[in-house]
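Before any comments, here is the structure.
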Amino acid sequence: LQIALTLAVLANTLSVIQHHLTDMRRPSGMDEPNIFTISNQWLGKPDDLSARIETDAAALRSLPGVVDVEATNSFPLSGNFYIGGIRKTHKQSDIGMFTSLYLDTVHGLAAQGLKLIAGRWFTAEEIGVANMGQLLDPPSIVLSEPLAEQLFPKGTALGQSVYLMGDKPVRVVGIVERASSASGGTIG
């Protein structure tokens, strides 16, 4: 009985390791070898938080060898993620599919090393301020190619509208080759 239990635990452990190795070998779409992440926890609720974050980001951007810097809620493979539903029509009662939602800025494409294959990245006018617990539908969205193909298998997703949290249409302005989910999945 003891040998059987030990063997079961060992087999389960090897299965978990194999699963993690598979996730680690899957391309994330990011320039992983050249990315450095910093997590910051602010004490209290400073009134000038946006200004502080932008000052810190500007200081980091000024360092030699830094391609770009972005402050975001998450990034592929971080393990810290926000998952949201995405629908093709506002009348669709069920969630079409779930995906990781990243709150990117104009700096996200370069900072993450993503490969834009169609359309464009976000403009400064499309970027808003999101507070914790207050997610609003953005005016535009960039999809990964696998997600775009799942949503629009018979044509291009570029220029189409999708629906996230509410009934407000969100225009697809760009498609990146790949952006794994923050949990390591293939669609993001």
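What's the whole-number percent of alpha carbon pairs in the chain lying beyond 22 angstrom?
Values: 9413 of 17578 pairs.
Within the chain, distances greater than 22 Å cover 54 percent of Cα pairs.
Tell me, what is the per residue accessible area of the chain in Å², probe radius 1.4 Å? Don't jump to the answer; show the numbers that get you there.
Numbers: 12090 Å² over 188 residues.
Ligands and nucleic acids excluded, the figure is 64 Å² per residue.
Would you pull out the residues with amide H under 5 Å of ILE117's amide H, same chain only if 5 or more places away, H placed 1.01 Å from N?
Placed amide hydrogens put ILE175, VAL176, GLU177 under 5 Å from ILE117.
Rounded to whole Hz and in sequence order, give me ³J(HN,Hα) for segment 3-14 from the Karplus expression 6.51 cos²θ - 1.76 cosθ + 1.60, θ = phi - 60°, writing x for Gly and Pro.
Values, residue by residue: 5, 5, 5, 4, 5, 5, 5, 4, 5, 5, 4, 5 Hz.
By the scheme Lys and Arg +1, Asp and Glu -1, what is the net charge of all other residues having a beta-carbon under 11 Å from that of ASP167?
Working: positive: ARG87, LYS91, LYS168; negative: ASP137.
Local charge sum for ASP167: +2.
Once every DSSP H run of n ≥ 4 in the chain is given -39500 (n - 2.57) and the sum is divided by its residues, what mean residue ellipticity at 222 nm do you get, rounded to the nearest 500 deg cm²/dmol? Walk me through the numbers before you get to the answer.
Details: 4 runs with 49 residues, N = 188.
When only DSSP H runs of four or more count, the value is -8000 deg cm²/dmol.
At a 1.4 Å probe radius, carbon and sulfur cover how many percent of the accessible area of the chain?
Working: 7110 of 12090 Å².
Looking at the chain in its full context, I get 59 percent from C and S.
From the phi of every residue in segment 118-129, what ³J(HN,Hα) in whole Hz does the Karplus formula 6.51 cos²θ - 1.76 cosθ + 1.60 yield, where θ is phi - 60° and glycine or proline is x?
Couplings: 7, x, 9, 8, 5, 9, 4, 5, 8, 8, x, 10 Hz.
Lys/Arg Cβ at +1, Asp/Glu Cβ at -1, dipole of the chain taken about the Cα centre: which of VAL173, SER50, VAL16 is farthest positive-ward?
It is VAL16, whose Cα lies furthest towards the positive end.
Residue by residue, what Karplus-based ³J(HN,Hα) values in Hz, rounded to whole numbers, does segment 24-29 have, using 6.51, -1.76 and 1.60 with θ = phi - 60° and x for Gly and Pro?
5, 7, 6, x, 8, x
Share of antiparallel DSSP beta bridges in the chain, in percent to the nearest 5?
Details: 11 of 16 bridges.
Of those bridges, close to 70 percent are antiparallel.
The values are calculated or read from the model by the stated rules, or taken from the named source; none is laboratory data. In this text the structure is predicted, and so the values were computed from the model without any measurement. Heads up, the Cβs are rebuilt from the backbone with ideal geometry, glycines too, and the neighbour counts pull from every protein chain shown. Side chains included, ligands, DNA and RNA excluded: accessible areas come from the protein's heavy atoms. Shrake-Rupley method; radii C 1.70, N 1.55, O 1.52, S 1.80 Å.
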